[in-house]
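Just below is one structure, and these are the notes that go with it.
The values are calculated or read from the model by the stated rules, or taken from the named source; none is laboratory data. Everything numeric in this text was worked out from a predicted model, so none of it was measured. Quick reminder, even Gly has a Cβ in these numbers, built from the backbone with ideal geometry, and neighbours come from all protein chains shown. The accessibility values were calculated without ligands, DNA or RNA, using every heavy atom of the protein model including side chains. Shrake-Rupley method; radii C 1.70, N 1.55, O 1.52, S 1.80 Å.
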Amino acid sequence: MASGTNLDALPYVPYVAYNGTIPTGGNSLKENLNVFYESGDIAWMITSTALVLLMIPGVGFFYSGLARRKSALSLIWLSLMATAVTTFQWFFWGYSLTFSHQAGKFIGTLDNIGFRNVLARPSVGSVRIPDLMFAVYQGMFSAITVALAVGAVCERGRMLPCVIFMFIWATLVYDPIACWTWNPSGWVYQLGGLDFAGGTPVHISSGSAALAYCYLVGPRTGYGTQALNFRPHNVTHIVIGTVFLWVGWFGFNAGSALSANLRAVMAAVVTNLAACMGGITWCLVDYRLERKWSTVGFCSGVIAGLVAITPGSGFVPAWAAIIYGICAGLGCNFATQIKYWVRADDALDIFAVHGIGGLIGNLLTGIFAADYIAHLDGYTVIAGGWLNRHWIQLAIHLCDSLVGMAYSFTVTLLILGTMSYLGKYVPALKLRMTPEEEALGVDDVEIGEFAYDYVDLVRDVKPRDPAGDVGMISEDEEMDAESQRSHSRTQMVKGLETREGGGRGAAYAMRTLSRSSAGADPYVYSGAVWGTA
């Protein structure tokens, strides 16, 4: 560049080394704080933040599809509410407790409470991005972890206590584990633990918390009997949720490079490979039992592969992703039997996929982590795993995984145990629905809205064979009728008003919907008998 060139006249923001001396990183009224960071890094991290946010409704759709109709909407609602509650918690004190610059080995300080002084200073995660960018990106990790955990309330947990639990759990469980894993002051970080995107803070912690929640809230009514022998109610929702998660995971893993570089590219490559191999493996394992190519099995395997590769995505070469996917597909598939051994009604297999998947990923990272992969960003230096003959790395990861699992499980039990005890005196803290409410469904009782309004009414209304037995109707249909009864009554009344030409038919409908007597022209609607005058 020619001497005397005016840098301010150039059509881009020049990059200079950070030279700030105040907590905010500088005075934006007197200097351009953008000169300390590459615009491409900022652009990539904003994009990654949006991709991780996209994963949260993906969790909701995935969980919703696995459940029954009568509770389908509640699981989507809880995922979205987890985003709102945890985002506020992260702003209020979560970020400060996790990533404050003066953090201890286990937890941070409150120096950045309410995002105080969170602006242009280089973050503790990487000097390539400022505190503010790092804060909003990591806030999405906290939100999706909580969303994963609260799926444990599936079909029997009350929603208000669950919302209160979100805030408390994020503070007492997620923030400390994330601090000791990713903050340079944390004990796992200083011990040499390698967790690129959240094997322990996200997956092991949420899986263990879900298992604890299942214990405290108790099994669903009919658990262990034929009454709960049902298939996922909406496989399309499962596929949609999987696609959202699969796409969003590129921001989750590749974004954890915290800048736009070759390390981020490698993280994207291994993320996709592991997902593909996980889906193929799980599908093949299921085929050997049922001789069916299960869509649900494939989607579950994809998620398992994504979970397993998360801690190693910025540390391992591309070929290792194949091993991650196969091990996750096998390990998580067989881990779905754990809930029967420990007698926990983990309806959505959260512990099997996320708890065990995270453990598998952590251990494989201890084996396949490579120093040359980590250094693709140009500055990260690690001792590596067994590929670099650094044998102790596997033991470090085993210790990290077991401590994180035990801590999350134990503290979650304490939180929910306290809430359950207080629920005897404060009804708002009562964790479990009554059997009558559970029979109606969470959507009807807690939300008053439904994932599917009256669409199924026309499909399921059919003439009744006088010789038939209403008792032969399946339990799932009967439950679905309960979950939509308040709305379907209104629709039936409207239909009869049209057919009968006035209020007589409507009045009769309201009488007959509440009893099971056969009239001159009886019909069956999902277990409820109704007739005409």
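At q = 0.11, 0.19 Å⁻¹, what is the log10 ratio I(q)/I(0) for the stretch 92-201, with the Debye formula run over Cα points and no solvent?
Cα-only, vacuum Debye calculation for the stretch 92-201: -0.35, -0.94.
7 Å from Cα along Cα→Cβ at both ASN27 and ILE164: what's the point-to-point distance in nm?
The two pseudo-label positions are separated by 4.8 nm.
How big is the C-alpha Rg of the stretch 280-351 next to the rule-of-thumb value 2.2 N^0.38 Å, as a ratio?
Against the empirical 2.2 N^0.38 Å value, I get 1.17 for the stretch 280-351.
On full extension of the chain, what length is gained from TYR223 through THR109, given 0.36 nm per residue of separation minus the C-alpha to C-alpha distance?
36.6 nm
Expressed in whole Å with the largest first, what are the equivalent ellipsoid semi-axes of the stretch 328-419 derived from the C-alpha gyration tensor as the square root of 5 times each eigenvalue?
Largest first, the stretch 328-419 gives 31, 16, 11 Å.
Amide H to amide H, which residues 5 or more places from GLY108 or on other chains are under 5 Å from it, using H placed in the peptide plane?
The answer is THR98.
So, taking all protein chains as they sit and a 1.4 Å probe, how much accessible area belongs to LYS430, in Å² rounded to tens?
The accessible area of LYS430 comes to roughly 100 Å².
Rounded to whole Hz and in sequence order, give me ³J(HN,Hα) for the stretch 368-382 from the Karplus expression 6.51 cos²θ - 1.76 cosθ + 1.60, θ = phi - 60°, writing x for Gly and Pro.
Per residue, the Karplus-derived 3J(HN,Hα) values read 9, 4, 10, 4, 6, 6, 4, 7, 5, 7, x, 9, 7, 10, 10 Hz.
Residue by residue through the stretch 58-63, what is 3J(HN,Hα) from phi via Karplus (6.51 cos²θ - 1.76 cosθ + 1.60, θ = phi - 60°)? Round to whole Hz and write x for glycine and proline.
Those phi angles translate into x, 4, x, 5, 4, 5 Hz.
Of the chymotrypsin sites (Phe, Trp or Tyr not before Pro) in the stretch 43-130, which ones lie in a loop per DSSP and count no more than 16 other C-beta atoms within 10 Å?
Those satisfying the criteria are PHE106.
Output ³J(HN,Hα) for the stretch 161-174: one whole-Hz value per residue in order, computed from phi by the Karplus curve 6.51 cos²θ - 1.76 cosθ + 1.60 with θ = phi - 60°, and x for Gly and Pro.
Rounded to whole hertz, the list is x, 5, 5, 4, 4, 3, 5, 5, 5, 4, 6, 8, 10, 4.
Search the structure for amide H atoms under 5 Å from the amide H of ARG432, placed 1.01 Å from N in the peptide plane, and list their residues when 5 or more places away or on another chain.
Excluding prolines and chain starts, which carry no amide H, the hits are ARG158.
Could you calculate the contour length gain from PHE334 to GLN190, that is, 0.36 nm times the residue separation minus the distance between their Cα atoms, to one decimal place in nm?
Result: 48.4 nm gained on full extension.
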